[in-house]
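What follows is a short report on a single structure.
The values are calculated or read from the model by the stated rules, or taken from the named source; none is laboratory data. This structure is a prediction, so every number in the text was calculated from the model and none was measured. Every residue, glycine as well, gets a Cβ built from its backbone with ideal geometry; the counts of neighbours run over all protein chains shown. Only protein heavy atoms, including side chains, enter the accessible area calculation; ligands, DNA and RNA are left aside. Shrake-Rupley method; radii C 1.70, N 1.55, O 1.52, S 1.80 Å.
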Amino acid sequence: MFFRLPYYFTREKECQLCGKKSKVISKVIGVCADCLRENPNEALRIAMEAHKRSRGKYGLPPEPPRDPKGIKCTFCANECQIPEGGYGFCGLVKNENGKLVRLAGLPNSGLLSWYYDPLPTNCVAEWICPGCTGRGYPKYAYNNGPEVGYHNLAVFYGACNLDCLYCQNWQYRNMTKELRPLISAESLASLVNERVSCVCYFGGDPGPQMPHAIVASKLMLERSKGRIFRVCWETNGLMNKNYLKKALELSLISGGIFKFDVKAWSPPIYKALTGCDNKPLFENLKFAVKYFEEREEVPLIVVSILLVPGYVDLYEIEMLAKFIADLNPKIPCSLLAFHPDYMLTDLPPTSTKHAMEALKIMKKEGIEEVNIGNIWLLGNYY
């Protein structure tokens, strides 16, 4: 069967700074990866316009506020300085009359939706997950293979502390704007029954609502006392370090997995794609490594990298691979195929060549377990 690529995948776009033309330059971002790395000030001035448009639709600040007279929020690693009457980057914290008001994310007010996801499921860590593979059986898995007949409680948090221009779950922004539905930690925990073997928090991101997620997890583990129940996280990793510590400990004792989505190595590439800085992410990943070394049966940490054509290129992969291998080469890594979504619809899906070359680099740098995810998206696009 012949498949014709859409015109906007095949046509070349031009970098507004250097004039280079390529299929893997996004008109939405406006500049190429080379200009972002070599001329970040000018390139980001152009690229951040996309985030102004993205955030403006929902009445949110285009980047984490840094008002010197504002109040500092420490709920996540962005540590917004929120001006009077303004909101934090996540949209769940407001400065009202000189006090920070938490609009959601506390134990009695989780902004989220949920569903029962039959195992095995297509999660970032499915290739090493106890529920999908039986890894860690019998201590952390019910079967020596996929846990057919069991479910994952999938918890979709309706806010995020990044603004990824390619977000496949971009609809969470509507939940942030409307501040509903709200569910207490106790009500969420009551959804765990004898056929639920794990919970996974994703979204959006659990980062802005960690007080809710931590309490819910503890209640779920208490409810499941005496049997296997894993606590997992799928996150950008920009958590307050105290909450990160608690999340890692909950996953460590339960056989769960903490999935860091690292996105990009170069700060200007990361900021162009997400609207934020990545320094806290790598600090948190360094912090998490000591917990990784405490459990052998099931890897506690998995790193995922979305192969965004033209931006998360082979240089980004090489630098990320070196960083991860230096932390611990046993940390499993998943290279995820990109597909166009949200605002970044003028880039093609990841090419097979891009994925295979990235895999080769990861292995060359010493990463022991590497997976390619979303392989059905790969093709000869560029």
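Below 15 angstrom from the Cβ of Thr350, what's the summed charge of the other residues (Lys, Arg +1; Asp, Glu -1)?
-1
Using amide H atoms built 1.01 Å from N in the peptide plane, name the residues 5+ places from Asp261, or on other chains, whose amide H lies under 5 Å from its own.
Sorted by chain and number, the residues that satisfy this are Thr235, Asn236, Gly237, Ser304.
Out of residues 5 or more away from Thr350 or on other chains, whose amide H comes under 5 Å of its own, with H placed 1.01 Å from N in the peptide plane?
Phe338
Distance from the Cα centre of the stretch 69-107 to that of the stretch 201-238, in angstrom?
Going from one Cα centre to the other spans 22 Å.
Would you kindly find the accessible area of Glu194, with a 1.4 Å probe and non-protein molecules such as ligands, DNA and RNA excluded, rounding to the nearest 10 Å²?
Counting only protein heavy atoms, the figure is 130 Å².
When the accessible area of the chain is split by element with a 1.4 Å probe, what percent falls to carbon and sulfur?
Using a 1.4 Å probe with all protein chains present, the chain comes out at 51 percent carbon and sulfur.
Can you tell me how much longer the chain between Phe323 and Asn144 gets when fully stretched, taken as 0.36 nm per residue apart minus their C-alpha distance, in nm with one decimal?
Result for the pair: 61.1 nm of gain on full extension.
Kindly list the residues of the stretch 121-139 that lie in the label zone of Lys363, defined by a backbone N under 19 Å from the point 7 Å along the Cα-to-C-beta vector.
127-128
Per residue of the stretch 157-169, what does 6.51 cos²θ - 1.76 cosθ + 1.60 with θ = phi - 60° give for ³J(HN,Hα)? Whole Hz please, x for Gly and Pro, Karplus curve as stated.
7, x, 7, 8, 9, 10, 9, 5, 6, 10, 3, 7, 10
List the relative contact order of the stretch 67-168 as a percent without decimals, with contacts defined as Cα pairs under 8 Å and 6+ residues apart.
21 percent.
If each residue of separation counts as 0.36 nm, what is the full-extension length gain between Lys177 and Lys72 once their alpha-carbon separation is subtracted?
Additional length available on full extension: 35.6 nm.
Can you work out the Karplus-derived ³J(HN,Hα) for every residue in the stretch 30-39? Use 6.51 cos²θ - 1.76 cosθ + 1.60 with θ = phi - 60°, whole Hz, and x for glycine or proline.
Rounded to whole hertz, the list is x, 9, 8, 5, 4, 5, 4, 7, 8, 9.
If R₀ is 35 angstrom, what is the calculated FRET efficiency for the pair Lys245 and Gln168, using the beta carbon separation as r and rounding to 0.05?
With R0 = 35 Å, the Cβ-Cβ based efficiency is 0.75.
If ligands, DNA and RNA are left out, what is the accessible area of Cys90 with a 1.4 Å probe, given in Å² to the nearest 10?
20 Å²
For labels at Asn193 and Glu14 in the simple 7 Å Cα→Cβ model, what's the distance in nm?
Computed distance between label sites Asn193 and Glu14 equals 6.1 nm.
Please give the length that would be gained between Asn39 and Glu294 if that part of the chain were fully extended, namely 0.36 nm times their separation in residues minus their C-alpha to C-alpha distance (nm, one decimal).
Between Asn39 and Glu294, full extension yields an extra 87.6 nm.
Per residue, what accessible area does the chain have, given a 1.4 Å probe and all protein chains present, in Å²?
Computed with neighbouring chains in place, this is 42 Å² per residue.
List every residue whose amide H lies under 5 Å from the amide H of Asn371, counting only residues 5 or more places away in sequence or on a different chain, with H placed 1.01 Å from N in the peptide plane.
Sorted by chain and number, the residues that satisfy this are Cys333, Ser334, Leu335.
With a Cα-only, solvent-free Debye model of the chain, what are the log10 I(q)/I(0) values at q = 0.07, 0.09, 0.10 Å⁻¹?
Values returned for q = 0.07, 0.09, 0.10 Å⁻¹ are -0.30, -0.51, -0.64.
What number, in percent, do you get for the relative contact order of the stretch 242-361 if the mean sequence gap of Cα pairs under 8 Å and at least 6 apart is divided by its residue count?
Relative contact order here is 26 percent.
How large is Rg over Rh for the stretch 1-142, taking Rg from the Cα atoms and Rh as the Kirkwood inverse mean of 1/r across Cα pairs?
1.12
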